[in-house]
4 protein chains.
Amino acid sequence: MIIVMRQGSSSKEVGDVIKRVQDLGYQVHLSKGVERTIIGIIGDERPLTVQPLERLSGVEAVVPILKPFKLASRDFHPENSVITIKGTEIGTDEIIVMAGPCSVESWEQLQETAHVVKRAGAKVLRGGAFKPRTSPYSFQGLGEEGLQMLRAAGDETGLLIVTEVMAPKQVDLVCHYADILQIGARNMQNYNLLRAAGDSGHPVLLKRGFSSTVEELLMAAEYILSKGDYQVMLCERGIRTFDTKYTRNTLDINAVPVLKQLSHLPVIVDPSHATGKWDLVTAAARAGVAAGADGLLIEVHPEPDKALSDGQQSLRPENFVELMAQIRRVAEAVDRTVTEPEVERVAVSAL
Amino acid sequence: MIIVMRQGSSSKEVGDVIKRVQDLGYQVHLSKGVERTIIGIIGDERPLTVQPLERLSGVEAVVPILKPFKLASRDFHPENSVITIKGTEIGTDEIIVMAGPCSVESWEQLQETAHVVKRAGAKVLRGGAFKPRTSPYSFQGLGEEGLQMLRAAGDETGLLIVTEVMAPKQVDLVCHYADILQIGARNMQNYNLLRAAGDSGHPVLLKRGFSSTVEELLMAAEYILSKGDYQVMLCERGIRTFDTKYTRNTLDINAVPVLKQLSHLPVIVDPSHATGKWDLVTAAARAGVAAGADGLLIEVHPEPDKALSDGQQSLRPENFVELMAQIRRVAEAVDRTVTEPEVERVAVSAL
Amino acid sequence: MIIVMRQGSSSKEVGDVIKRVQDLGYQVHLSKGVERTIIGIIGDERPLTVQPLERLSGVEAVVPILKPFKLASRDFHPENSVITIKGTEIGTDEIIVMAGPCSVESWEQLQETAHVVKRAGAKVLRGGAFKPRTSPYSFQGLGEEGLQMLRAAGDETGLLIVTEVMAPKQVDLVCHYADILQIGARNMQNYNLLRAAGDSGHPVLLKRGFSSTVEELLMAAEYILSKGDYQVMLCERGIRTFDTKYTRNTLDINAVPVLKQLSHLPVIVDPSHATGKWDLVTAAARAGVAAGADGLLIEVHPEPDKALSDGQQSLRPENFVELMAQIRRVAEAVDRTVTEPEVERVAVSAL
Amino acid sequence: MIIVMRQGSSSKEVGDVIKRVQDLGYQVHLSKGVERTIIGIIGDERPLTVQPLERLSGVEAVVPILKPFKLASRDFHPENSVITIKGTEIGTDEIIVMAGPCSVESWEQLQETAHVVKRAGAKVLRGGAFKPRTSPYSFQGLGEEGLQMLRAAGDETGLLIVTEVMAPKQVDLVCHYADILQIGARNMQNYNLLRAAGDSGHPVLLKRGFSSTVEELLMAAEYILSKGDYQVMLCERGIRTFDTKYTRNTLDINAVPVLKQLSHLPVIVDPSHATGKWDLVTAAARAGVAAGADGLLIEVHPEPDKALSDGQQSLRPENFVELMAQIRRVAEAVDRTVTEPEVERVAVSAL
């Protein structure tokens, strides 16, 4: 940490700042420039960031040098983390596709979608049972009944299950049914929920808040990791910018290589929310894979024009099959793989 | 609601959209323009917004006409709402000042601050017992012990108490000690918490999310109002923009008159978070009052350079006294009032 | 300037960076911490910012310590700058109001508006002759004919004239007719124009780009100042954020005290563009004055519903008279003044 | 266009609005809903957008239905536009790579870079002779001397030349030396420059302003197209968002498929500016190709750590060769091509 003193600060002010820092157990390094005096602090600065050193007399700025996250950082864990759930690995050369409806609406809808996405090569079934909705007048999800349907669809198809948990007290319930807890964008800084998820030890898919920085996403992951739960996946799902006319959000594609540089955790891209329009999802998914994502999260619905939520960004089954074919080609171009569709496997084995 | 059909959409597509809307129980109004066909929908469109009509074949855009919030709107309740708590009215010509430390740190710190702000003219004591912190390594608050101190300080001084509640299961506990529940910016779209707060019937200070639109703030208020709890105050506390070099947030001063136009609920401005720098707080507070705020929320600490949180934006007692003197003059210039300081009252009665 | 080396950087890398900096004529200060080695650079770092030191092997980050602007800074010129134009001073305790139509449309429209704003207490007449319009199909201004009308209206009323200049080759022409050159938000980083304006030596009203930081605004001012033209006024006119539903821009009210802290130049607030809605202009103007602005820029039109541009944000004459009355009261509350309206002056002298 | 009347607006107000619209030569369509009366306007609404209909009494909102751009739209020109310059086609299945230094610094630097990028498969040489710089103290470019070097390097290698033009009066000069005029992000709404570029009839690479919407980019293109110059390329080069810690800008990858849907003009992606960090450029370039870009604009410098501008985002020659190899594979995965490197061609012909 560097403390920059104001132009014209007095020796007493400089002395007081040094004394305060030393009292907190740190060594300092004084450097007098032509225009500014600078005090360097030696040691792990993270505990210091809570100290309001900017309020000390004569201080112009406090400049942190170290990154505020530790367990999530690649410095701490240089190799890619691989998360293994019931034999499926996330974070390897294989790009894992998680697909399914925005909301679980009925057993028929879920079962049909599950088989569709499984056949096309997905490994995880997504679907919401507890739904955060902007309006209190919108459909709020089926609750535990939806969780039961998800589990049944997972068992029937062999897909893993990921679903959102919205409150600390739901964590145990959701862990009972789901293989992966999803923490939604609106809850990325719901610290009680992060702690509860971390305590569960369950794999967590952590979605970036729509106005959270990459660093805040990593700090939210740090909450979970600091509880000893290392099975965390980071999900870029689009950010809020000034341009919302033709897309719902802006896919921050830069965040994919940035997160891979800064952290060892797997990075998942959600092109459905990041665009908000079904006819942009496939292009965004291709971009996500090309940029280095370890997985994709895709909304699929058998009848999007009748969906109770997110219909405008959900793919029809045939669009999803086409998306899978396209990302498979892009994956190969970046030395990655995507599971082959079952139908083709059948066709080949029939020879 | 208006449905705009794509250029060149077929009669069948137009007919299918009309049929779908009629099946949902609405009348339609067809208008064929030179370049586009438009279908107007007659009736309360709010339940329709969950329908993914954009996915119907031939539809280019769906344009809502009505505002999505209802109970929070001035159309619904043309007069200003006044919230009365133990005899103190919020939403009248008197500007209510809520002040105190970011976090409750100790009884001495809280007691001293409470007396300072009371004497200067504040009506409500603020202070955090449960603290949402970006880093899991930062001070997380004193919990229930902090709540007890707040209650004691309120009882000793006659100040009302406002403090943050972070999870649904804390609502009962916080209601037990506090006069006003604060829902923080990061939880503005924590719908389980909004519902729990609404169920409590307690007064609520709802802070705008740092990247939430004015409309989303009103929709969050709608969650609470729809539970029958009408004692909601809206708090503008700064938004996140591209410029974060010299301030922590950007005070959206336009939001004050906009909220007063759109809604009947009292509007509170938090210049401490909206600037993030103590030496900008007074100017921002004056602006808030000049723009039409019904109250202010201000961080005050006896020793900001030793505060466990938000020290850089907390006022010293003497700065707070000066702020109160300045906003009192601005309040008068816009035909509002701020409670006189006790010391002056004493001085006058001594004559 | 501080250069932070990556964790694990080699002695050779550190040595190479030091050598490079020394070759550029600077002294260095080496500090080895527990996790990072830091190289401090002693001397005026501004010329160094063009050096891509981040590309040197082993460098993690380059952290500037000094502000990049110099002539615009309060460090350089501690007192407020006062700009005197034909006897009118800008930057004193008197708040200067500049008012008039968005575009000059006709002599009748301009003459009427000029007299209205003069009587109400304005000191400067604004009006556009060259108009930057988003659409090539919109009214583009009257050009030199508009400038002639502005000059005539100024001469008739005694008001100073401010009008926009859009290209370097227009600078001489606009200087011939106007007292103050306005550089619009879209041209804030049109460096050829900034240089041409600076070369003219004319007073300049420099509007902040709608997505420019405060620092970039000061750097744009630096372009003009570095040509020896010190008569620069900074104008906050609203920034672009994620929320554009109920206002055209977001008035960055924090920028007013921030600019007053960082710079000695007068700060003008434009509540017309900063809100984009006529019925929010007066509240925003009051906030601007309360926050410390030295002047206001207001759009006034005799018939806003027939204006060729910006009608939705222009005040009618009677609204402007009311705005002036309101800001006069707020100005007094912050120990500033606004010129009295002429009608009152007449009334007093009639006694 | 739809005019929404306020709740409770009177018949007279509705009648006045209808009369005004009819006086302007339009037919109207009246629709009385339960809560709101709506007036639909029949005909080409574009000329109407300059009318301040929102200021008419009783009007709540004016909702445009048609897009404001016409010549740039795919409705107007359904097929992709192909721009042919000296036999090179832009806008076909071949992805065109434009590469070179940020600034032309010397003949040696430019010549070396030109040969490097030519051999690696680039078709166009980029390089700045007039440089827009945030600081007046930074290197401002070599001017006409730089243009001469660019032309010479183009003639020597057979590469086309693209370079920035900053002012209307430079247009003729730049046209004399360059094959493509670049209009920079800061000048995207410099309308005098857009008109001058359009008048030249020269091919134009139009960069999106860093805070401009996709619609504003298309409106800027409309300025050029409306002058009869149809050889316009649109360039996404990153936008400004709230997160600037680890990247200089945010690549708006969604804009690529959005622009391809809305417009017939070729879309170029600039991953150098869109990331601002050389070690993110290749990932962003892959994403751009995967998303559907028709070309890339890449900064390459023989010695980035000595570059006079943008060194931190410039690729070394060997990094550029690697980038070309990677995007060639991604291009094939989306059924596009990138020119093969010359060295390989030589190798093959040597057999």
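The values are calculated or read from the model by the stated rules, or taken from the named source; none is laboratory data. Every value quoted in this text rests on a predicted model; they were computed, and no experiment measured them. Backbone-built Cβ (ideal geometry, glycine too); neighbour counts: all protein chains shown. Quick note on the areas: whole protein, heavy atoms, side chains included, nothing else; ligands and nucleic acids left out. Shrake-Rupley method; radii C 1.70, N 1.55, O 1.52, S 1.80 Å.
Label-to-label distances for D:GLU79 across copies, nearest first, come out at 5.6, 6.9, 7.1 nm, using points 7 Å from Cα in the beta-carbon direction. Closest approach of any chain A Cβ to the axis that rotates A onto B belongs to A:SER211, 2, distance given in whole Å. Note on C:LYS123: lysines with a C-alpha under 16 Å away, same-chain residues under 8 apart excluded, are C:LYS86. Using only alpha carbon pairs under 8 Å that are at least six residues apart, calculate the relative contact order of chain B and give it in whole percent. Across chain B, relative contact order equals 17 percent. Each other copy holds its own label point for D:ASP93; taking that point as 7 Å from Cα along Cα to Cβ, the gaps run 2.9, 7.8, 7.8 nm, nearest first. Note on chain D: helix-only mean residue ellipticity at 222 nm, from DSSP H runs of 4+ residues weighted -39500 (n - 2.57) and normalised by residue number, equals -10500 deg cm²/dmol.
Using a 1.4 Å probe over the heavy atoms of the protein chains, calculate the carbon and sulfur portion of the accessible area of region B:2-159 as a whole percent. Intermediate values should be presented prior to the final figure.
Numbers: 3120 of 6430 Å².
Reported share for carbon and sulfur atoms: 49 percent.
For A:LYS277, a cut-off of 17 angstrom between C-alpha atoms picks up these lysines, skipping any fewer than 8 places away in its own chain: A:LYS245, A:LYS306, D:LYS260.
Quantify how strongly other chains surround peptide C:128-137 by giving the mean number of their Cβ atoms within 10 Å of each of its Cβ atoms. Could you put the intermediate results ahead of the total?
Values: counts 0, 0, 2, 1, 4, 5, 11, 12, 14, 11.
Mean shielding count: 6.
Between the helical axis of C:214-225 and the dominant principal axis of chain C, each derived from Cα atoms, what acute angle in degrees is found, rounded to the nearest 10? So the inclination is approximately 80 degrees. Under a 5 Å amide H cut-off, with hydrogens placed 1.01 Å from N, B:THR37 pairs with B:MET5 among residues at least 5 apart or on other chains. Within the shell defined by Cβ-Cβ distances under 14 Å, the residues around B:SER106 carry a net charge of -4, with Lys and Arg each +1 and Asp and Glu each -1. Residues of region A:170-196 whose accessible area (probe 1.4 Å, heavy atoms of protein chains only) drops by at least 50 Å² once all protein chains are present, relative to their chain alone: A:ARG186, A:GLN189, A:TYR191, A:ASN192. Residues of region A:227-251 whose accessible area (probe 1.4 Å, heavy atoms of protein chains only) drops by at least 20 Å² once all protein chains are present, relative to their chain alone: A:ILE239, A:ARG240, A:THR241, A:PHE242, A:ASP243, A:LYS245, A:TYR246, A:THR247, A:THR250, A:LEU251. Projected onto their three principal axes, the Cα atoms of the protein assembly as shown cover extents of 106, 76, 72 Å, largest first.
Taking all protein chains into account, the per residue accessible area for chain B stands at 33 Å² (1.4 Å probe). Take the Cβ atoms of D:HIS176 and D:GLU108, set R0 to 30 Å, and the FRET efficiency comes out at 0.80. Restriction of the trypsin sites (Lys or Arg not before Pro) in region C:185-258 to DSSP coil positions whose beta-carbon has at most 14 other beta-carbons within 10 angstrom yields C:LYS245.
Distance between the C-alpha centres of region A:21-35 and region B:51-119: 45 Å, rounded to the whole angstrom.
Largest GNM mean-square fluctuation across A:ASP16, A:ASP75, A:ASP172, computed for chain A with C-alpha springs under 10 Å, falls on A:ASP16.
Over chain D, the alpha carbon radius of gyration divided by the compact-protein estimate 2.2 N^0.38 Å works out to 1.16.
Would you mind giving the total buried accessible surface between chains A and D, with a 1.4 Å probe and ligands, DNA and RNA left out, rounded to the nearest 100 Å²? Walk me through the numbers before you get to the answer.
Numbers: alone 16300 and 16330 Å², together 29390 Å².
Heavy-atom accessible area buried at this interface is about 3200 Å².
Residues of region D:48-89 buried by at least 20 Å² of accessible area upon assembly of all protein chains, compared with the chain on its own (1.4 Å probe): D:VAL50, D:PRO52, D:GLU54, D:ARG55, D:GLU60, D:VAL63, D:ILE65, D:LEU66, D:LYS67, D:ASP75.
Spatially, region D:233-311 and region B:311-335 are offset by 47 Å when compared through their Cα centroids.
Distant-in-sequence amide contacts of A:ILE239, defined by a placed amide H-H separation under 5 Å and a gap of 5 or more residues or a different chain, comprise A:THR250, A:LEU251, A:ASP252.
Between copies, B:LYS245 shows label-point distances of 1.9, 2.9, 3.2 nm, shortest first, with the point placed 7 angstrom from Cα along Cα to C-beta. Taking a ≥ b ≥ c as the square roots of the eigenvalues of the Cα gyration tensor, region B:74-146 is oblate, since a/c reaches 1.5 or more and a/b is not larger than b/c.
From largest accessible area down, sort A:SER106, A:SER309; use a 1.4 Å probe on the protein chains. Before the final figure, lay out each step's value.
Working: A:SER106 35, A:SER309 5 Å².
I get A:SER106, A:SER309, largest accessible area first.
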